[in-house]
């Protein structure tokens with residue numbers, strides 16, 4: 001009976017050794033999977049960081065484009081306003097020219113030429129009697 005118990009003890013010892021080897025192998029595999037997942041997570045985080053930076057840059061560009069669009073809109077409004085004012089001025093001048101009476105030079109009395117501080121002739125004052 002000693003043989004059976006020795007064999008049984010040897011089998012148990014062998015099973016324990018086999019279990020220890022299998023456990024070490026499982027630990028090594030789990031560590032390898034963990035390292036692989038960590039590397040993938042690090043890569044994903046780098047992509048997220050790059051995408052976040054790209055999003056910030058696009059946001060800044062968007063704001064700059066919005067400011068430029070607003071500046072262009074204001075310039076267009078100013079140009080339209082100037083065109084409208086010019087048109088109104090032109091209409092007023094045309095209206096004034098049409099209503100201005102034609103005066104004969106026989107009724108005009110002119111004064112001597114007007115001279116500025118640099119002794120340049122700048123005009124003549126005309127008094128018109130209608």
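Summary of computed values
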read-out: Test: residue in the stretch 85-106 that is assigned to a strand (DSSP E or B) and at pLDDT below 85; value: no
read-out: Any hit, the stretch 31-51, residues being surrounded by 10 or more Cβ atoms within 10 Å (Cβ to Cβ), assigned to a helix (DSSP H, G or I) and modelled with pLDDT under 75; value: no
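The values are calculated or read from the model by the stated rules, or taken from the named source; none is laboratory data. As the structure is a computational prediction, the values presented were derived from the model and not from experiment. A quick note on method: Cβ atoms are made from the backbone with ideal geometry, for glycine too, and the neighbour counts reach across all protein chains shown.
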